[in-house]
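S.K.: The structure's right below; bear with me while I get my questions together.
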Amino acid sequence: MTNKTQFAKLGLFDAKVPRYTSYPTAPHFNAEIGANTHATWIQDIPENAEVSLYIHVPFCRRLCWFCACRTQGTSSASPVAAYVETLKAELRMLAQHLPKGVTLSRLHWGGGTPTLLDPAMMADLCRAIFKVAPMAPTGEFSVEIDPNEIDKERLDVLSTFGMNRASIGVQDFDPDIQQAIGRSQTYEVTQKAVDMIRETGVQSLNADILFGLPGQTKEKIADSVQKLLSLSPDRVALYGYAHVPWMAKRQQLIPSEHLPTPQERLTLFEVAKELFDWDGFETIGIDHFARPTDGLAIAAKAGTLRRNFQGYTDDQATALIGVGASSISRFPKGYTQNAPATSAHITAIGKDSFSTSRGHVFTPLDQAHARMIEMVMCDFQIDSAEIIDRFGLPKDQLMRTLIDVNTQFQGLLNVDQKGLWIPPQARPLTRLIARAFDRYDLHNAGHSSAI
């Protein structure tokens, strides 16, 4: 049983904090990082290394009101076709800079709606990708699939080119909630899409579902979770709806007075979590659940779980390269981000230049704090020995930091010479605890609710 009174005193229900899919977070990137740095960091990747590749498709047939992603609506295929040509040109540039022998440990198509591409576009893009680098023997090719925007022909193309994990967005099955967030998607449509995915031979299925939506109650989220469980996903992301209408103007269509309070959001999360636990899922980090045989569950038990812009991952590649407008890349030396606006990205690529518009160069202290935050988010603990050995932090300095953080949280955490550990009853505070290791000013970053 959680102590909501104590959580309230610690600021859980008032705080706005990052999701920490990067550190430092994107609001702290700067415009001093450009295309030359991006190209150099690609060239610095060792020969025969494994890298992750992310392909961003920023188009949707319709714009869901709840979504804060970089997307644009289109009713025509022509802008999508032109964008695919730009992706192909960017991939050719990537191939020119990438060292020999590189393979893909992960390939992920996100959006937007990647399945908006017609079968010919999909095949064309796949051929362009695999001219750059082949999949590694144990590589994973995943695609975000909109159940409203998929058919057998498109799935057959993706399967032919090696897609072995599919990700579907559910959000919520309640029709009133769907109407409130501008997302119409019946259970029957979702089930049909899942059946088609399974029939192509793709056995690994991810699903996203949201808590904290307008009009959501304990009964409604329980019903949606049980419907989702009937589809037998292997991995589920239970994200808290981030209401950020100052960033995503379409969210202004969702009246804030219809949203659950932060305390109610925590209750909704707990109801959903209890159902996932009951169905045999392992809890992964703060908001993911996976079958015991899924790669995330295996990584969590082995202590090799990682966090990146897609959330939790078992990928161990040191470089993640983002292709497409607004995509973010992570290299051992720092982050780069492509031009957010599709038009600016297309213009830059048309001039045979990467569209890198900003980024960040890691300092040694960045790297140490990034790893501590990742440990908190993935493992609910910080291993002092790893931080001292890898980053050279003095032991007494690290211990003072850990003790200070525990003091901030009224001694709820466990701290000793081995490090810091967050007990289960304090884990709703995880993002707040991660923030305590963040050295950057968060006051003007506009982050979402801590729960």
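S.K.: When segment 74-101 is examined, which residues are found to be more than 24 Å from Cys64 (Cβ to Cβ) and touching a strand residue (DSSP E or B) at 6+ places or on another chain (Cβ under 6 Å)?
M.R.: Passing the criteria: only Glu90.
S.K.: Right, next: Given the criterion of a type in the set (Asp, Glu) and closer than 16 Å to Ile181 by Cβ, identify the matching residue among Glu219, Glu257.
M.R.: Values: Glu219 fails: closer than 16 Å to Ile181 by Cβ.
Sole residue among the options that is of a type in the set (Asp, Glu) and closer than 16 Å to Ile181 by Cβ: Glu257.
S.K.: Could you check segment 120-229 for helices (runs of 4 or more DSSP H) lying wholly inside it with 3 or more residues that are within 30 Å of Leu104 (Cα to Cα) and either modelled with pLDDT under 95 or open to solvent by less than 30 Å² (accessible area, probe 1.4 Å) (or both)?
M.R.: Answer list for segment 120-229: 152-160, 187-199.
S.K.: Collect the residues in segment 42-75 that are modelled with pLDDT under 95 and open to solvent by 50 Å² or more (accessible area, probe 1.4 Å), keeping them in residue-number order. Even if it seems obvious, please write down each step before you answer.
M.R.: In the first step, residues of segment 42-75 are kept if they are modelled with pLDDT under 95; the result is 58-75.
Across segment 42-75, the qualifying residues are Arg61, Arg62, Leu63, Trp65, Ala68, Cys69, Arg70, Gln72, Ser75.
S.K.: Select from segment 12-41 the residues that are loosely packed, with under 15 Cβ neighbours inside 10 Å and farther than 18 Å from Met93 by Cα and list them in ascending order.
M.R.: First, pick out the residues of segment 12-41 that are loosely packed, with under 15 Cβ neighbours inside 10 Å: 14, 27, 30-32, 36, 40.
Answer for segment 12-41, where residues must be loosely packed, with under 15 Cβ neighbours inside 10 Å and farther than 18 Å from Met93 by Cα: Asp14, Pro27, Asn30, Ala31, Glu32.
S.K.: Continuing with this model, one more query. Give me the pairs, please: first residue somewhere in segment 350-369 and touching a residue at least 60 places away in the same chain (Cβ under 8 Å), second residue anywhere and open to solvent by less than 20 Å² (accessible area, probe 1.4 Å) and of a type in the set (Ser, Thr, Tyr), beta-carbon distance under 6 Å, and either six or more positions apart or on two chains.
M.R.: Within 6 Å, the pairs are Thr356/Thr336; Gly359/Tyr335; Gly359/Thr336; His360/Tyr335.
S.K.: Would you say Val271 is crowded, with 16+ Cβ neighbours inside 10 Å, farther than 27 Å from Pro137 by Cα and touching a strand residue (DSSP E or B) at 6+ places or on another chain (Cβ under 9 Å)? Before the answer, list the steps.
M.R.: On the way: crowded, with 16+ Cβ neighbours inside 10 Å: yes; farther than 27 Å from Pro137 by Cα: yes; touching a strand residue (DSSP E or B) at 6+ places or on another chain (Cβ under 9 Å): yes.
Judged against the criteria, Val271 is a match.
S.K.: Condition first: within 19 Å of Val57 (Cβ to Cβ), touching a Gly at 6+ places or on another chain (Cβ under 9 Å) and not hydrophobic (A, V, I, L, M, F, W, C). Can you find one or more residues in segment 171-182 that meet it?
M.R.: No, every residue in segment 171-182 fails to be within 19 Å of Val57 (Cβ to Cβ), touching a Gly at 6+ places or on another chain (Cβ under 9 Å) and not hydrophobic (A, V, I, L, M, F, W, C).
S.K.: Could you list all residues from segment 238-295 that are touching a Leu at 6+ places or on another chain (Cβ under 6 Å) and of a type in the set (Phe, Trp, Tyr)?
M.R.: Of everything in segment 238-295, those that are touching a Leu at 6+ places or on another chain (Cβ under 6 Å) and of a type in the set (Phe, Trp, Tyr) turn out to be Tyr239, Tyr241.
S.K.: Which members of segment 233-274 meet the condition of being without any contact (Cβ under 8 Å) to a residue 12 or more places away in the chain and either under 20 Å from the mean Cα position of the chain (by Cα) or not in a helix (DSSP H, G or I) (or both)?
M.R.: Pro245
S.K.: Would it be correct to say that Gly280 is over 21 Å from the mean Cα position of the chain (by Cα) and among the small types (Gly, Ala, Ser)? Give the steps one after another, and end with the answer.
M.R.: Working: over 21 Å from the mean Cα position of the chain (by Cα): yes; among the small types (Gly, Ala, Ser): yes.
Criteria met by Gly280.
Here's the yes/no breakdown for (1) among the aliphatic types (A, V, I, L, M); (2) more than 24 Å from His38 (Cβ to Cβ):
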{"residue": "Val84", "(1), (2)": "yes, no"}
{"residue": "Ala89", "(1), (2)": "yes, no"}
{"residue": "Leu98", "(1), (2)": "yes, no"}
{"residue": "Gly111", "(1), (2)": "no, no"}
{"residue": "Pro119", "(1), (2)": "no, yes"}
{"residue": "Lys131", "(1), (2)": "no, no"}
{"residue": "Pro134", "(1), (2)": "no, no"}
{"residue": "Glu149", "(1), (2)": "no, yes"}
{"residue": "Lys152", "(1), (2)": "no, yes"}
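S.K.: Let me ask something else about it. Picking from Arg106, Arg92, which residue would you name as being modelled with pLDDT of 95 or more and either open to solvent by less than 30 Å² (accessible area, probe 1.4 Å) or not in a helix (DSSP H, G or I) (or both)? Before you say what the answer is, go through the steps one by one.
M.R.: Values: Arg92 fails: either open to solvent by less than 30 Å² (accessible area, probe 1.4 Å) or not in a helix (DSSP H, G or I) (or both).
Result of the check over Arg106, Arg92: Arg106.
S.K.: Next question. Which condition does Ala302 not pass, out of (1) under 16 Å from the mean Cα position of the chain (by Cα); (2) at pLDDT 95 or above, if it passes all the others?
M.R.: Result: Ala302 passes all but (1).
S.K.: I'd like to check which strands (runs of 3 or more DSSP E) are fully inside segment 319-393 and have at least 2 residues that are open to solvent by 10 Å² or more (accessible area, probe 1.4 Å) and over 30 Å from Gly419 (Cβ atoms). Outline the logic, then answer.
M.R.: Numbers: elements: 320-323, 328-331, 334-338, 356-361, 381-383.
Hits in segment 319-393: 356-361.
S.K.: Right, next: Could you check segment 420-444 and list, in sequence order, the residues that are open to solvent by 30 Å² or more (accessible area, probe 1.4 Å) and of a type in the set (Lys, Arg)?
M.R.: Selection gives Arg427, Arg435, Arg439.
S.K.: Tell me which residues, restricted to segment 1-23, are part of a strand (DSSP E or B) and either among the small types (Gly, Ala, Ser) or within 18 Å of Leu238 (Cβ to Cβ) (or both). Full working, then the answer.
M.R.: As a first pass, look at segment 1-23 and keep what is part of a strand (DSSP E or B): 16-17.
Of everything in segment 1-23, just one residue is part of a strand (DSSP E or B) and either among the small types (Gly, Ala, Ser) or within 18 Å of Leu238 (Cβ to Cβ) (or both), namely Val17.
S.K.: Would you call Phe173 more than 23 Å from the chain's Cα centre (by Cα) and within 30 Å of Asp118 (Cα to Cα)?
M.R.: On the way: more than 23 Å from the chain's Cα centre (by Cα): no; within 30 Å of Asp118 (Cα to Cα): yes.
Considered against the rule, which asks whether it is more than 23 Å from the chain's Cα centre (by Cα) and within 30 Å of Asp118 (Cα to Cα), Phe173 comes out as no.
S.K.: Could you list, ordered by first residue, the pairs with Cβ atoms under 9 Å in which the first is in segment 42-70 and within 21 Å of Asn308 (Cα to Cα) and the second is of a type in the set (Asp, Glu) and in a loop (DSSP other than H, G, I, E, B), at least 6 apart or interchain?
M.R.: Correct list of pairs: Glu50/Asp315; Ser52/Asp315.
The values are calculated or read from the model by the stated rules, or taken from the named source; none is laboratory data. Bear in mind the structure is a predicted one, so any value in this text is a computation, not a measurement. Quick reminder, even Gly has a Cβ in these numbers, built from the backbone with ideal geometry, and neighbours come from all protein chains shown. Keep in mind that these areas ignore ligands, DNA and RNA; they rest on the heavy atoms of the full protein, side chains included. Shrake-Rupley method; radii C 1.70, N 1.55, O 1.52, S 1.80 Å.
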